[in-house]
């Protein structure tokens, strides 16, 4: 009988670590998404199977908290489990540790399932007669706050504009979830990261960005060492301005 | 008795694949560097040991040829071995395959060893009484051309300028070798990659780039589907212009 909690081992690769020898948050986020995919694949509702029936998981929200980051060459463990599943959203949690009781941090994520042809939300319970409900784990704690609505005022500052390039785009044809995190964290420089470490990062995805679009970053300080960032795309052909995601970064 | 050739298994992670579902060349390059590190660590001259004696390997040249790229979720094998070792340079080759005889491509690399305090080249033979010489493998073929001098004319076109950010910099405090490859391949857009695939990429590293520097990309077509790219940094404080690397990209 397979456990409800999936446990996967990773290593903090040398070139996935920053100037201080600690893993980049983006790469940790990427490994959480890999763990989510391994867990759901092992239990019959992974991306690879969903592709065959023209469905896909879409990440709607992600919140990551870390008290410490794995160092270069360190092996670490990601546990992941489904905390709840409704017709149109499921929540999945993460615990990152050294596998021997020392916890690096936690994560929370919300996913929708879409029809890859219509791009519309579809019923998660329709997969294998609601099989996901068998895997709900409610006893394992995830002691971090859920992602909330990121409130921002109207007079926020445009701090950067970038073009979207070939390496930003994944097999879904739009900007990879993790690339947004990297681009947002690039708003601060190494001098800042010498004095501050990221404690919590949360992101809510609103729309997709494509090659040829430009991304505008609006940033607002909302508390001491806390910033909200709104990303707005300028669409390549129409020049329409569309909000694509909102983030909150808390430093310590 | 350990084999002269090291063999390491990897998977083409979903978010390390491009819009077409094939692995990004940058991520393949990164896995080659990981394989190089595993191989040298297993044989007593890896980065982790070198750090303890204030030495480091520095990648001087890398050439990658691929006839095909691993697809999303595909497991692949990287074999790596030392082809030659002199006092100040060693050459290391790579073969990427499915582990069952289907070859995706090959790689060649040249490395120097530096003193991490003086940043000056040091004698590779000084490590464990020239131990690297025991591991030289000359029978395994690597049927791709060595990287040559990338010749460019003087009237080349400036096609892009970017700033160097937090996520570009690794534990050595300068731009990661693989990030240059990604930034250069980002000079072409998805419309180009729909019609062309990268067949060969070669890069010669000349100087280091740091946070706060800007990188200028000069590109010149040198044959059909062949381009040379020169990267020049504008140093953050002095505004000095220094060539940091030269690349050649051949598409098919």
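Worth pointing out:
- Subset of region B:45-78 (residues that are away from every other protein chain (no Cβ under 14 Å), touching a helix residue (DSSP H, G or I) at 6+ places or on another chain (Cβ under 8 Å) and within 18 Å of residue B:10 (Cα to Cα)): B:64, B:66
- Test: residue in region A:194-213 that is surrounded by fewer than 19 Cβ atoms within 10 Å (Cβ to Cβ), in a helix (DSSP H, G or I), within 14 Å of chain B (Cβ to nearest Cβ) and more than 19 Å from the chain's Cα centre (by Cα): yes
- Some residue of region B:146-155 being out of contact with any strand residue (DSSP E or B) (no Cβ under 9 Å at 6 or more places or on another chain) and at pLDDT 90 or above: no
- Pairs linking a residue in region B:161-177 that is without any contact (Cβ under 8 Å) to a residue 24 or more places away in the chain and facing chain A (nearest Cβ under 8 Å) to a residue that is buried (at least 21 other Cβ atoms within 10 Å of the Cβ) and in a strand (DSSP E or B), with Cβ atoms under 6 Å and 6 or more positions apart or on different chains, are B:171/A:17.
- Members of region B:49-78 that are surrounded by fewer than 21 Cβ atoms within 10 Å (Cβ to Cβ) and closer than 30 Å to residue A:38 by Cα: B:67, B:68, B:71, B:73, B:74, B:75, B:77
- Some residue of region A:218-236 being under 20 Å from residue B:165 (Cβ atoms), modelled with pLDDT of 95 or more and within 13 Å of chain B (Cβ to nearest Cβ): no
- Of all residues making up region A:121-144, the number that are over 27 Å from residue A:16 (Cα atoms), in contact with a strand residue (DSSP E or B) (Cβ under 9 Å, 6 or more places away or on another chain) and assigned to a loop (DSSP other than H, G, I, E, B): 8
- Residue in region B:160-167 that is modelled with pLDDT of 95 or more, part of a helix (DSSP H, G or I) and either surrounded by 15 or more Cβ atoms within 10 Å (Cβ to Cβ) or touching a helix residue (DSSP H, G or I) at 6+ places or on another chain (Cβ under 9 Å) (or both) present: yes
- Pick from region A:113-126, criterion surrounded by fewer than 20 Cβ atoms within 10 Å (Cβ to Cβ) and in contact with a helix residue (DSSP H, G or I) (Cβ under 8 Å, 6 or more places away or on another chain), ranking: modelled with the lowest pLDDT: A:116
- Some residue of region A:82-90 being closer than 26 Å to residue A:148 by Cα, at pLDDT 95 or above and within 14 Å of another protein chain (Cβ to nearest Cβ): no
- Matching residues, region A:13-42, being more than 8 Å from chain B (Cβ to nearest Cβ), over 18 Å from the mean Cα position of the chain (by Cα) and surrounded by 19 or more Cβ atoms within 10 Å (Cβ to Cβ): A:22
- Failed condition for residue A:87, given (1) free of Cβ contacts under 8 Å to residues at least 60 places away in the same chain; (2) crowded, with 16+ Cβ neighbours inside 10 Å: (2)
The values are calculated or read from the model by the stated rules, or taken from the named source; none is laboratory data. The model shown is predicted, which means the values in this text are computed figures rather than measured ones. So basically every Cβ, Gly included, is an ideal-geometry build from the backbone, and we count neighbours across all protein chains shown.
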